[in-house]
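First up is the structure itself, then whatever we jot down about it.
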Amino acid sequence: MENAIEIINLKKYYYLFDKEYKKIIWTFTKRGSTGKKKVLDNINITVKKGEIVGVIGKNGTGKSTLMKIVAGITFPTGGEVRVDGTIGSLINLNAGFFPDYTGRKNIYYKASLMGVPKEEIDKSIDKMEEFADIGQYFDMPIKMYSSGMRARVGFALAIFSNPDILIIDEVFAVGDKDFRQKSYKKTKEMFESGKSILFSSHSDDQIRSFCDRVIYIKGGKIVFDGHVEEGLKIYNGQK
Amino acid sequence: MFKALKFVVKEHIQNIGRMCKIAVDHMKKQTSLTSLGIWWIFIGDIIHYAIYFTFRYLMTGGGDVQGMHILVFLSSGLVPWFFINDIINSGSKAILKNKAIITSFAFPITTIPTIEVLSIFIKRLFSLVIAFVIISIVGYAQYFNVLLFLYYFIAMFIFMVGFNLLISPMIALSNDFNMLYSSLTRLFFFATPVIWSFDRIQHMPLVITILKLNPFAYIIMGFRDAFYYGEIPDLQYSIYFWSLTIVVYFFGSYAQFRLRKYYADFI
């Protein structure tokens, strides 16, 4: 495949139920749902290898759902997603952390949840420790960390597991200033290293500095796909 | 339905190493908060045994039960029951407990209930030691039948994996089901001959037949055979048990296969 990501006619609906127990009936008989809520409709996106595509849109328009589908976390109701390469997702950096485990142990635990082999982590654990830059806290329970420290550890794991494709969902909104500065720099390196990236953000500046092109999603549909400045103008004009 | 079963089995086999590693991590998670850690499993079980023995003794005296020394009678019932009960109560919450994994990772979701079963089984292996110590002390080690024990142990494991595949999504989907389920689990303890035996109701064969429909009864009575009686599994009863197991696997894997795309939306 010459493209990194191909999204073809993607649809995503949520099934609605008026009574909870009907979900059980629906599981076995496919009947009992009272309707569908459209979250994404007729999405067609191609990301070439090495391309960085920004995704913008108001909250609740399906951006995160789209990112999660491409990352393999949730599934489309219709249509297809084709991907060529390993995927790393920076969607919820804090997920999968166990508060009583140390930062180091958590990295190994989370890596096994992500399906990254232990040997890969062994190779990069020192680089991750260096990036996280939390000193001796790296071997202390993660419940003692600040949110910025936690975010740095999560980020270190996602980045150093060296995926071909990155799915980034507003990750720079979390964490403290230290985290933002550090991860910004590292992400910039990554953005310039030839990886294919799908990047969702509320920050116009970030979109401008990193992206080759931008996609504007409104009401679950693609309203614009093209030049960054033009897309941002349309988006801001509608705010 | 076959498609679902094939998919679930394939996903399990492909991920077996990862499942075991995560199961061990989950087991450690539960015990890491205390300073005694894993010893609490031992201590908890010893207290459990002591309570059951004491009350059984107070209610009916300490004499032999169905020809077995009362301590062996209780151990052979409690050993499998501890496995089964843990899975019924906490293993069934597998989907709920692992919400973070389901909503934030690209994970082979059909393996989650099995990971919980594995985790509980690993934890409970320690409690087998207590039972072996008891039977050695009272001199029943000679009656212990390794083959029968392995057969019923594996049967128990296989059934509980299927059981959890079916029950854990139901609990995650519906609070009503959860409530109904919680009220019924207590029934299982009393209906299964864990601390009593069917010889007390010999005069009610219909009741015995109904109670034997409970697959846990097959397992508990089987463990009694393994620890003392040495009788080989009854053919008719075994056919019933394994047919029920297959049915549970069909419905359980179908539920997992169908719901795996929707968990992240539903919960």
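Note: relative contact order over region B:2-266, using C-alpha pairs below 8 Å and six or more positions apart, is 31 percent. Taking 0.36 nm per residue of separation and subtracting the Cα-Cα distance, full extension of the segment from A:Asn9 to A:Thr86 would add 25.5 nm. Calculate log10 I(q)/I(0) of region A:125-170 for q = 0.17, 0.24, 0.27 Å⁻¹, where I(q) comes from the Debye formula with a single equal point scatterer on each Cα and nothing for solvent. Relative scattering, expressed as log10 I(q)/I(0), comes to -0.50, -0.86, -1.01.
Just how far, in whole angstrom, is region B:135-210 from region B:16-70 if you go by their alpha carbon centroids? Distance between centres, Cα-based: 16 Å. The slack in the chain from B:Leu235 to B:Asn89, taken as 0.36 nm per residue of separation less the alpha-carbon distance, amounts to 49.5 nm. What the Kirkwood sum gives for region B:151-267 is a hydrodynamic radius of 15.9 Å, with every pair of different alpha carbons counted.
With contacts taken as Cα pairs under 8 Å and at least 6 residues apart, chain A reaches a relative contact order of 26 percent. Here chain B is assigned +1 on the Cβ of each Lys and Arg and -1 on the Cβ of each Asp and Glu. Its dipole about the Cα centre then comes out at about 880 debye.
Once the C-beta distance of B:Ala141 and A:Glu119 is scaled by a Förster radius of 51 Å, the resulting FRET efficiency is 0.70 to the nearest 0.05.
Taken over the alpha carbons of region A:130-235 as equal point scatterers, the Debye sum produces base-10 log I(q)/I(0) values at 0.23 Å⁻¹ of -1.26.
For region A:3-237, the spherically averaged projection of the C-alpha convex hull amounts to 14.3 nm².
When the Gaussian network model of chain A links Cα atoms closer than 10 Å, the mean-square fluctuations of A:Lys22, A:Lys186, A:Lys68 top out at A:Lys22. Spatial offset of region B:95-117 relative to region A:196-239 amounts to 34 Å, using the alpha carbon center of each.
Of the residues A:Ser112, B:Pro193, A:Leu66, the one whose Cα sits farthest towards the positive end of the charge dipole of the protein assembly as shown is A:Leu66 (charges of +1 on Lys and Arg Cβ, -1 on Asp and Glu Cβ, taken about the Cα centre). Three semi-axes describe the equivalent ellipsoid of region A:69-126; taken as square roots of 5 times the Cα gyration tensor eigenvalues and ordered largest first, they are 26, 15, 8 Å. Per the Kirkwood formula applied to alpha carbons, chain B shows a radius of gyration over Rh ratio, Rg over Rh, of 0.98. For region B:98-139, the fraction of C-alpha pairs farther apart than 13 angstrom is 65 percent.
Per-peptide packing, taken as the mean over residues of other Cβ atoms within 10 Å, places B:69-75, A:201-207, B:232-238, A:84-90 in the sequence B:69-75, A:84-90, A:201-207, B:232-238 from highest down.
Computed from the C-beta positions of A:Asp126 and B:Ala106 and an R0 of 25 Å, the FRET efficiency is 0.40 to the nearest 0.05. A simple spin-label model places the labels of A:Asp164 and B:Gln14 1.7 nm from each other, with each point 7 Å out along Cα-to-Cβ.
Its Kirkwood hydrodynamic radius, worked out from the mean inverse distance over all distinct Cα pairs, puts the protein assembly as shown at 25.7 Å. Dipole of chain B computed with +1 at Lys/Arg Cβ and -1 at Asp/Glu Cβ about the Cα centre; of B:His69, B:Met1, B:Ser119, farthest Cα towards the positive end is B:Met1. Sorted from greatest to least, the principal axis extents spanned by the alpha carbons of region B:97-203 come out as 53, 35, 20 Å. Counts of other chain beta carbons within 10 angstrom of each beta carbon in peptide A:102-113 average 3. If the chain linking A:Ser33 and A:Lys185 were pulled fully straight, counting 0.36 nm for each residue of separation and taking away their Cα-Cα distance, it would gain 50.0 nm.
Each value in this text was obtained by applying a stated rule to the coordinates, not by laboratory testing. Just so it is clear, the model here is predicted, and its values are computed rather than measured. Every residue, glycine as well, gets a Cβ built from its backbone with ideal geometry; the counts of neighbours run over all protein chains shown.
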